[in-house]
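The values are calculated or read from the model by the stated rules, or taken from the named source; none is laboratory data. Since we're looking at a predicted model, the values are computed, not measured. Every residue, glycine among them, receives a Cβ derived from its backbone with ideal geometry; neighbour counts consider all protein chains shown. Remember, those area values only see protein heavy atoms, side chains included, never the ligands or the DNA or RNA. Shrake-Rupley method; radii C 1.70, N 1.55, O 1.52, S 1.80 Å.
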Amino acid sequence: ITQHKQQNLYSVLKHIQQTDKWSCGFRNLQMLLSALLPHLPPHHPYFHGDIPSSLRRVDSNPECVVTPIPCLRQLQSFLEQSWADGFDKQGAKHYNRRIVGRKSEIGAVEVSSCLAYLNIDSVVLQFIKCKESRSLLGEFCWAYFSKQRTMSSSLATTAGMNSSTMNRHPEGVNCSTTGHCCFCCNTSQKYTSESTYAHASDLLEVAESSSSFGGSKIISPRKTTTTYCTCSCPSLPLYLQWEGHSITIVGVEKLEKSGGVDDITLLVFDPMANGPKLKNDLQRAHARGKRTKSVSNNGSLAPEPGVTSVGKLPSSMRLSSNKLLAKDCQILMCSLRPLNSREKNLSRDRVNAVTAAKAAVVRSLRR
């Protein structure tokens with residue numbers, strides 16, 4: 001018995017192709033920004049920081065707001081400026097503080113430093129060293145794109161909920177019931193008070209409570225209620241890095257197996273993929289999806305929140321999370337929330353990062 005579910009792709013995201021062997025990190029950062037920048041309100045500090053005038057938001061026509069994506073050289077310049085501003089001192093030393101015009105590869109840490117310099121909150125999640133940690137990557141991505149949360153009493157209070165509120169909304173939470181969305185901004189453009197670090201830590205708890213390794217749960221989950229956000233606010237894509245390459249995760253599929261381990265497939269934009277061919281394949285998949293009615297888990301023809309009705313996606317977009325079990329991986333997650341001055345100062349001293357199954361990673365390092 002299997003159940004097949006597919007979480008939504010991000011509707012605004014652009015695929016940006018690399019034509020060399022070194023720029024994948026920059027191209028994935030551009031893809032990430034293509035999804036993020038159009039949703040930043042005009043008062044976001046990104047638009048008021050040290051960026052060229054060519055990158056300023058143009059909204060003379062309310063129905064056509066233009067938010068240019070930085071080119072590769074501009075991103076290299078931002079990275080150099082972040083080093084000059086005190087971010088990632090170890091990385092600055094590694095690159096000798098110079099990267100503009102050079103064919104230098106970058107990774108998740110450099111992307112995080114660049115975003116912090118631009119006042120954009122982000123966190124690096126590490127899935128490293130042991131299978132207990134690496135096996136959580138797929139479940140984390142599923143929890144992220146399906147907007148699952150652990151509704152502990154503290155988080156419920158942060159979200160503006162109490163026990164009676166949760167009883168009235170057993171199906172989940174949304175912008176209208178909580179007053180804001182924990183994934184982005186609400187219609188009044190108020191930022192969530194939750195940092196990406198806190199959000200990522202909570203998602204890892206969801207992943208750990210639902211994941212198994214070697215037939216047993218990785219941890220004994222705390223007594224918290226897992227729920228999901230039912231709002232239609234988009235989830236930003238994720239940046240995925242392993243040694244030698246990086247890609248952008250735009251969605252996820254899960255094949256739920258009765259009595260077995262779930263098969264999780266990441267839906268990705270690989271900068272190495274042929275852009276025009278990918279576009280044609282996606283258009284055909286969308287056309288097939290329109291002609292096909294899919295039945296959701298409750299038997300109705302209406303899809304679940306966040307579930308697409310596109311046809312089978314091209315193989316270049318599909319990556320089984322099982323193929324990453326032998327690799328040390330990093331995922332960068334960001335939000336529309338700006339960094340405050342205190343957080344920005346802290347980001348200069350250390351990378352904002354969290355490790356999956358940290359106790360197991362520490363044990364593996366001691367062996």
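Against the condition at pLDDT below 95, assigned to a loop (DSSP other than H, G, I, E, B) and of a type in the set (A, V, I, L, M), how does L282 come out, does it pass?
Spelling it out, it is not the case that L282 is at pLDDT below 95, assigned to a loop (DSSP other than H, G, I, E, B) and of a type in the set (A, V, I, L, M).
When the range 311-367 is examined, which residues are found to be touching a helix residue (DSSP H, G or I) at 6+ places or on another chain (Cβ under 6 Å), farther than 21 Å from L204 by Cα and not hydrophobic (A, V, I, L, M, F, W, C)?
The answer is G311, P314, P338, S347.
Would you be able to say whether some residue in the range 9-18 is open to solvent by 30 Å² or more (accessible area, probe 1.4 Å), at pLDDT below 95, out of contact with any helix residue (DSSP H, G or I) (no Cβ under 7 Å at 6 or more places or on another chain) and of a type outside the set (D, E, K, R)?
There is at least one residue in the range 9-18 that is open to solvent by 30 Å² or more (accessible area, probe 1.4 Å), at pLDDT below 95, out of contact with any helix residue (DSSP H, G or I) (no Cβ under 7 Å at 6 or more places or on another chain) and of a type outside the set (D, E, K, R).
Only residues that are surrounded by 17 or more Cβ atoms within 10 Å (Cβ to Cβ) and within 21 Å of C141 (Cα to Cα): list them for the range 318-350, please.
Passing the criteria: L319, S321, L324, C329, Q330, I331, L332, M333, C334, S335, L336, R337.
One residue is enough: does the range 78-90 have a residue meeting the conditions part of a helix (DSSP H, G or I), closer than 25 Å to L13 by Cα and free of Cβ contacts under 8 Å to residues at least 60 places away in the same chain?
For the range 78-90, residues part of a helix (DSSP H, G or I), closer than 25 Å to L13 by Cα and free of Cβ contacts under 8 Å to residues at least 60 places away in the same chain: present.
Test each condition in (1) modelled with pLDDT under 90; (2) of a type outside the set (V, I, T); (3) touching a Leu at 6+ places or on another chain (Cβ under 8 Å); (4) outside any loop (DSSP other than H, G, I, E, B) for R288 and report the one that comes out false.
Failing condition for R288: (3).
Evaluate the range 300-310: report whether one residue or more is at pLDDT 50 or above, surrounded by 14 or more Cβ atoms within 10 Å (Cβ to Cβ) and under 19 Å from C141 (Cβ atoms).
Looking for residues that are at pLDDT 50 or above, surrounded by 14 or more Cβ atoms within 10 Å (Cβ to Cβ) and under 19 Å from C141 (Cβ atoms), one finds at least one in the range 300-310, hence yes.
For the range 351-367: of the residues being among the hydrophobic types (A, V, I, L, M, F, W, C) and surrounded by 15 or more Cβ atoms within 10 Å (Cβ to Cβ), which is modelled with the lowest pLDDT?
My answer is V351.
Can you tell which of V124, V100, V111 is in a loop (DSSP other than H, G, I, E, B) and at pLDDT 55 or above?
Only one candidate passes the filter, namely V100.
Out of K277, K254, I need the residue that is at pLDDT 85 or above and part of a strand (DSSP E or B). Which one?
Unique residue meeting the criteria: K254.
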